[in-house]
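Quick notes on the structure that follows.
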Amino acid sequence: MSMQDQQPPWGRKNKPQTPEEMVAQLIKKLQDFFSENQKQSPGPNGSTPERKPVNPFASISKILAIILVLIMIQGVYSSVFKIQPSEVGVILRLGKYVRTVDPGLHFKLPYLEALYKVDIGQIRKQEFGFRTRSSQVSSFDRSAYEMESLMLTADKNVINVAWIVQYKISDPYQYLFKVKDVKQSVHDASESVTRRVVGNMDFDYVLSNRDLLAASVKSELQTELNRFEAGVTLVTVQFQDINPPEQVKPAFNEVNAADQDMRRLVNEAQAQYNKVIPKARGTALQIMEEARGYAAERLNEANGQTDRFLSILKEYEKSPEVTRTRMYIETMQDVLPNVESVYIIDENQQSPIPLLNIGSSPAIAAPKTN
């Protein structure tokens, strides 16, 4: 153990551990300095000694030295800074942008550089047509914000639209120095773009195409904010509620019910049409195809018979006797199997003579006439 550790507590000097303690000790010493100048110490015989003249320049130099020390301590203390994980730091040197630092421990020039911390991880939200009272129980207040949500559509109808815009900072420098009030700019631009988009659509289209409406508003609003150089990026644009005004809700509900009935009847008629018309078209096509097939069959058969006759005629012209005999034999082969009785008639005999009785009853042939 060293001698310093063995020193009793009343013999140690308490050194300042933090800049605040150092400043407090310097202020205390300054107070003690001025109080000693005002005190008068009595002499040995109880008489007051003569006051020595005080040099004002010496006091001023001491004060300036103390102020300089304080300034140096404050500069050293302010030159070190820490950026949280969800933040970035924007450094300005004599009012001019120098750099952007990431999360972590950093240094800057004291009294020459200024630091602005920007939370880029936070998602900011703006509500239109309502305000959230409590996020835990999903309580909303719409009574005082009707003018934000009332809009006019392209077909001259009034509609009540409530929506949410969520965004986060993408460019800290633009967010800090390009637009004076980014929150108000996002609010005004969002309201302007939404009214313009809704004003170009019909009432029924706005009611039934909420997602397309939100996508269109998000795209145009991001373009508008980029033109302003606001330094923010939209996360989402979501339409919470799209309804007609309260004064016309009963009439709107009746119109909506009638429109639903009309759509139901149209769908039923369309279903019947889809059931009957395709069947009739299929039957018609079937008849037409059968007619085409029959026509093709008859035509091909006729062409075949014609070709057969022409080929026979050609062979007949080459050898008429042989062809005639062949045709006679082929014809008899087709006819004789169906004949029940055969008669041979002599030219000189007047009555027929049966040659072969094939059937059960004899057949009588008519006499041959010259």
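We did not get these values from a lab; they are worked out from the coordinates using the rules stated. What you are looking at is a predicted structure, and each value in this text was computed from that prediction instead of being measured. Neighbour counts run over all protein chains shown; Cβ positions are idealised from the backbone, glycine included.
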Legend entry - Stretchable slack from Gln240 to Ala291, in nm (0.36 nm times residue separation minus alpha-carbon distance): 12.1 nm
Inset, instruction - Would you mind counting up the charge near Lys180? Only other residues with Cβ under 15 Å from its Cβ, with Lys and Arg at +1 and Asp and Glu at -1. - result: -1
Legend entry - Note, ³J(HN,Hα) from phi for region 199-210, Karplus 6.51, -1.76, 1.60, rounded to Hz, x at Gly and Pro: x, 9, 10, 6, 4, 5, 5, 5, 5, 9, 10, 5
Legend entry - Centroid-to-centroid separation of region 234-275 and region 67-131 [C-alpha atoms, Å]: 54
Inset, instruction - Obtain the nm distance between the two label points defined at Asn303 and Asp181 by a simple spin-label model: each point lies 7 Å from its Cα along the Cα-to-C-beta direction. - result: 9.1
Inset, instruction - Please find the FRET efficiency linking Ser170 to Ile277, where r is the Cβ-Cβ separation and R0 is fixed at 56 Å, and quote it to the nearest 0.05. - result: 0.50
Inset, instruction - Given the peptides 285-291, 220-226, arrange them by the average over their residues of other C-beta atoms within 10 Å, most packed first. - result: 220-226, 285-291
Inset, instruction - Quick one: what are the phi-derived ³J(HN,Hα) couplings along region 127-133, Karplus 6.51/-1.76/1.60 with θ = phi - 60°, whole Hz, x for glycine and proline? - result: 10, 10, x, 6, 9, 7, 7
Legend entry - Per-peptide average of other Cβ atoms within 10 Å, ordering 317-330, 196-209 highest first: 196-209, 317-330
Legend entry - Over 23 Å (Cα to Cα) - which of Lys117/Lys180; Lys82/Lys183; Lys82/Lys125; Lys117/Lys168; Lys96/Lys117; Lys183/Lys249 fall in this group: Lys82/Lys183; Lys82/Lys125; Lys183/Lys249
Legend entry - Residue-wise HN-Hα coupling along region 303-309, computed from phi with Karplus coefficients 6.51, -1.76, 1.60 (Hz; x: Gly, Pro): 4, x, 4, 5, 4, 5, 5
